[in-house]
Amino acid sequence: MHLSPDGIVFWQYGFLKLNATIAFTWGLMFVLAVGSKLVTRRLSQGLERSRWQNLLEIVVTAINGQISEVGLRQPEKYLGFLGTLFLFVAMASLFTIVPGYEPPTGSLSTTAALAICVFVAVPMFGIEDRGLGGYLRAYLKPTVIMLPFNIISELSRTLALAVRLFGNMMSGTMILAILLTITPFIFPIAMNALGLLTGMVQAYIFFILATVYIAAATGTRKAAAEVKAQSKPEGKAEPGPEAKDGTKPKPKQQNANHERTHHG
């Protein structure tokens, strides 16, 4: 068992080589592209729909709902990019049930490529929504002194995305390899099931972090918070002592007339 699919080389000629990371990455992309084409070629808008269309609508609706909950307006605008990230990482883990398959996310080169995609997409969406000047001014907030720290934050979170996904996927492979040497018939089945769950969790975390970064770049989270604060009803005035005990105050003029009539 290899800790990384980079160590499995299928073909090599000089410095050119075809390893398992490249082969399984392109194979996974081919399966996703062909599968989506087959499912969407006969879409139905009526009540009678195929099972695959129902499954696709459930996945798309769930992803769309998660994007909306993060705070992004017009989630359909980001659905293609963020949904592709989630499906790629999730399917890379689910295909581990196929014998001989090695998830490409177990390679640092694959996770780094995914993180670079997020790194490039964040300013693109930010500039599209806020303009070039508005996006660049965000690096100067709250003060100009924060400019280098904001730039370092952009770079460090990209590195964190790549290393987090790679470390979690590789750690599962290492644990499985250790347990195979100890008890080769009992723990591998349980660890494979746990690996599937871990892969889905990592796909969700990667997807949510990318969504949060895009929301921060576009400024939609701040705008949503301001709209929510403005929509709150103003506080009502505290009732007076007369209203608390349920009695109505009597007009002063009536009290004065009553006194003059009594004395007369």
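The GluC sites (Glu not before Pro) of region 39-103 meeting both criteria, a DSSP state outside H, G, I, E and B (loop) and at most 14 other C-beta atoms within 10 angstrom of the site's C-beta, are Glu48. Based on Cα contacts under 8 Å between residues 6+ apart, region 21-180 shows a relative contact order of 24 percent.
Rounded, prolate or oblate: which one fits region 44-182, using the alpha carbon gyration tensor with axes a ≥ b ≥ c (rounded when a/c is under 1.5, else prolate when a/b beats b/c, else oblate)?
Judged from the Cα gyration tensor, region 44-182 comes out oblate (a/c at least 1.5, b/c at or above a/b).
By the equivalent-ellipsoid construction on the alpha carbon gyration tensor, region 9-51 comes out with semi-axes of 38, 7, 5 Å, ordered largest to smallest. Loop-resident chymotrypsin sites (Phe, Trp or Tyr not before Pro) (DSSP state other than H, G, I, E or B) in region 1-78 with no more than 15 further Cβ atoms inside 10 Å of their Cβ: Phe15.
Here region 78-147 is treated as a sphere whose radius is the Kirkwood value from Cα pairs; by Stokes-Einstein at 4 °C and 1.567 mPa s it diffuses with a coefficient of 89 µm²/s.
Each reported figure results from applying straightforward, stated rules to the coordinates on display, with no laboratory input. Since the model is a prediction, treat every value here as computed from it, not as a measurement. Here Cβ is always computed from backbone atoms with ideal geometry, including for glycine, and neighbour counts include all displayed protein chains.
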